[in-house]
Amino acid sequence: MNKKVLKTLEYDKIVKRLSALATSDMGRNFCEKISPQKRLSDVTRFLTQTDDALSRVIKYGSLSFSGARDITEYARRLEIGGTLGMAELLHVAGLLNVADRAKKYGIGDERGNEISDSLSGFFEELVTLDAIKKEISRVILSEDEMADDASPELLSIRRSLSKAGDRIRSVLNEMLSKQSIRDGLTEAVITTRNGRYCLPVRSDYKSQIPGMVHDQSSSGMTLFIEPQAVVNLNNEVRELELKEKEELGRILAELSARVAEHTDELKNDLTLLSRLDFIFAKAALALEMNAVRPEMANGGVLVLKKARHPLLDQKTVVPIDVTLGEDFHQLIITGPNTGGKTVALKTVGLLSLMGQSGLLIPTASGSRLPFFDEIYADIGDEQSIEQSLSTFSSHMTNIVSILKGLDKSEKGSSLVLFDELCSGTDPTEGAALAVAILDRVRNCGALSMATTHYAQLKLYALSTEDVENGSCEFDVKSLMPTYRLLVGVPGKSNAFAISKRLGLPREIITAAEGTMNEEDRSFEDILTDIEISRANIERDRRRIQSERAEIENLKKNAKDKQEKMEARRDKIIAEANEKAANILRDAKEQADAAIRNIHKYGEANPDMSKMEQERQKLGKKLSSATEKSMEKKGGGKHVPPKASDLHVGDMVRVVSMGLTGTVHTLPDSRDEVDVQMGIMHSKVKLSDLELIPEEGAAKKKNSGKVARGAGAFSKAASISPELMLIGMTVDEAVMKLEKYIDDACLSHLTQVRIVHGKGTGALRNAVHDSLKRNRLVTSYRLGEFGEGDAGVTIVEL
């Protein structure tokens, strides 16, 4: 691909944007060298890699290659036996860290699922050299600091250095504590010169502090003297520093030797990471531009759907649809200046270059690009002062070069773009030349696009097979371009309309219109009528599409609603059938159980505890069913009456018993009421009552027999053969006992168990006194061993 067309179509700006997205220097180098490929197989491979990288970024996030330095020079030195410094070894460790991070990213996702695509081979080939990486990180703390424990010898030397330094400071601090010494110092501090500890001594006190002079101040008033007392100690420090340096060199040489064994792997890692950085930069660019992968093939058809120029603001740019090579191979675009003609040319050319470079393009899905051997473009002002070429001459020189290139290329393997073809000269001659050039390009089989203001080229497109007119839409009402590309309709330049909008006097425009011959005016009028008709058709088409979409949406909503209703109906029917089956099954099981129990309990000595348990279960089921039935009928929870609402003689319902009765006394201090329920008289809590309205009293009276039967059945189903009185007062226990004996008789229990505990015996005596007076009690006795002993009374009813 010639370099001139790359610059003309602003391909270099795409390269610059791509390079900015790379995260390593080597990756940026790859980006800067990107160019359209010469083989379709390479293009396909690069597009697949970019597309796979984009999928990974969307699913798993981006991958940074920051920290991967170019170690090529280090590897070359290691191969000849050289030693790397601390900073250079840290760069090697940094490269291995990036390789480790990339390998983990590339092989599997967070759930451990293996990822397989065109990039898997790159990640699998990476070598992390964990042992070397960890050793470098352990030994070297920063670019100029090595860890004390890098080796036992280094640790020993540094400890000795620390101790020697402490001894020197101790000696010097002792000297500073003497007033005679301090008087001769410019400052009472310890300093160093040339790696040796010194004191800042006034020059006139030099003889007072014997030692070696290492430096003096710029004024000469201060001498930095190493006192004689620390000379030997300083010499010891110097010797230790030399040993430390020697040990550091040995450690670095040892580490370098270990790294040198893996220079091939390191160089391969560098290449792989640089290539991956380049691929992921292409993916990042695609993400920025909302780009997709185009279909690529030798020859064929160019189809760009909703194509956007990548260098324009993607939020405001107007997409265009372009098809070449299907119904026609040549498109002539006309229309006003600044209407988008040149942008359309550059969009087609630049996206073709991007696709052949393995970059995704900002279009809708389904776009296709042919593989071009060459792309030619003659766009912009080619005037050259240095070469003494006018605009027309410069353009013509470029066109001659393009035609020569077409003669050498295979048919259908080139894309040619002309902007304002043969402008800048006599219009008649320029139009004739333009027609001839376009005809030559068409005969070469190249796909081509040209922009023009020449009416003759519009007629050429109308009358020539395999050539089509196109235009950039212009709103005649607002006198503004819409930048939409319309294929099949020639456009008007709208010079008069634009001039009028910009303020050119009306009389000048009228005079200009008068100079046009009848044929030109007629042609322009036809174009105007076509444009108006097309705009009306386009408006109607959009309205019909909108209405059709609305109808489809309504149909879809109606269908979804119907499906939901049918599903809900089926669910309700299925649930009802299941509930009915459960009810029938439960009824059958209860009936079978009742029959079995009748036979079972018809024996001479029935097990009363088991019979009682069966009654309790049945009572709970009945109570539950009754409550649910009441809730469904709107009964819900009962509301207890207020004490002020009750009168002697009122009809009430005892909720816990399911019985109706008559109030005999008003509520006492404990909110308890005496209620007569048939032959049974009982004290009932106010909260357990429900007042029966007068109009319902007669109805309740008539149904009393049924209610009593139901209440007795309910009571029999729920009474326990044991009463627990422990923890109650005597009065509470006696009242509870009397009510319990009544309930037990109603339930046809013949024997009950009263638990009162042993304690002081007061509660037991009160229970026995109450049982003596109760005519429903046949006999009673204390419990025997195993029944609860003296803490329990067994009562026969």
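The values are calculated or read from the model by the stated rules, or taken from the named source; none is laboratory data. Not measured: the values here are computed from a predicted model. A quick note on method: Cβ atoms are made from the backbone with ideal geometry, for glycine too, and the neighbour counts reach across all protein chains shown. With ligands, DNA and RNA removed, areas are computed over all heavy atoms of the protein, side chains included. Shrake-Rupley method; radii C 1.70, N 1.55, O 1.52, S 1.80 Å.
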Point-to-point label distance, T425-T515, nm (Cα→Cβ direction, 7 Å offset): 2.2 nm
Computed Kirkwood radius, in angstrom, where 1/r is averaged over Cα pairs of region 291-375: 13.2 Å
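Please give the net charge around C198, taking every other residue with its beta carbon less than 15 angstrom from that of C198, where Lys and Arg add +1 and Asp and Glu add -1.
Within the 15 Å Cβ shell, the charges total +3.
Listed here are the pairs K163/K243; K16/K341; K4/K33; which of them are more than 18 Å apart at the Cα? Before the final figure, lay out the partial values.
Working: K163/K243 15 Å; K16/K341 25 Å; K4/K33 16 Å.
Table pairs above 18 Å Cα-Cα are K16/K341.
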Whole-Å distance, taken between Cα centres, linking region 51-105 and region 325-358: 41 Å
For V673, net neighbour charge (Lys/Arg +1, Asp/Glu -1) across residues whose Cβ lies under 14 Å away: -2
FRET efficiency, 1/(1 + (r/R0)^6) with R0 56 Å, evaluated for D100 and I508 via beta carbons: 0.15
Solvent-accessible area per residue, Å², over region 35-131 with all protein chains present [probe radius 1.4 Å]: 51 Å²
Members of K59/K267; K3/K267; K134/K267; K579/K685; K59/K346; K103/K245 lying beyond 27 Å, as alpha-carbon distances in this model show: K59/K267; K3/K267; K579/K685; K59/K346; K103/K245
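Within 10 Å of each candidate Cβ there may be at most 15 other Cβ atoms; applying that plus a DSSP loop requirement, which trypsin sites (Lys or Arg not before Pro) in region 102-204 survive?
The qualifying sites are R111, K178.
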Karplus-derived 3J(HN,Hα), 6.51/-1.76/1.60, for each residue of region 220-234, Hz, glycine and proline x: x, 7, 10, 10, 9, 10, 8, x, 4, 5, 10, 4, 5, 5, 5
Extension reserve of the D144-L403 stretch, reckoned as 0.36 nm per residue once the Cα distance is removed: 86.9 nm
Ratio Rg/Rh [Cα only; Rh per Kirkwood] for region 238-365: 1.40
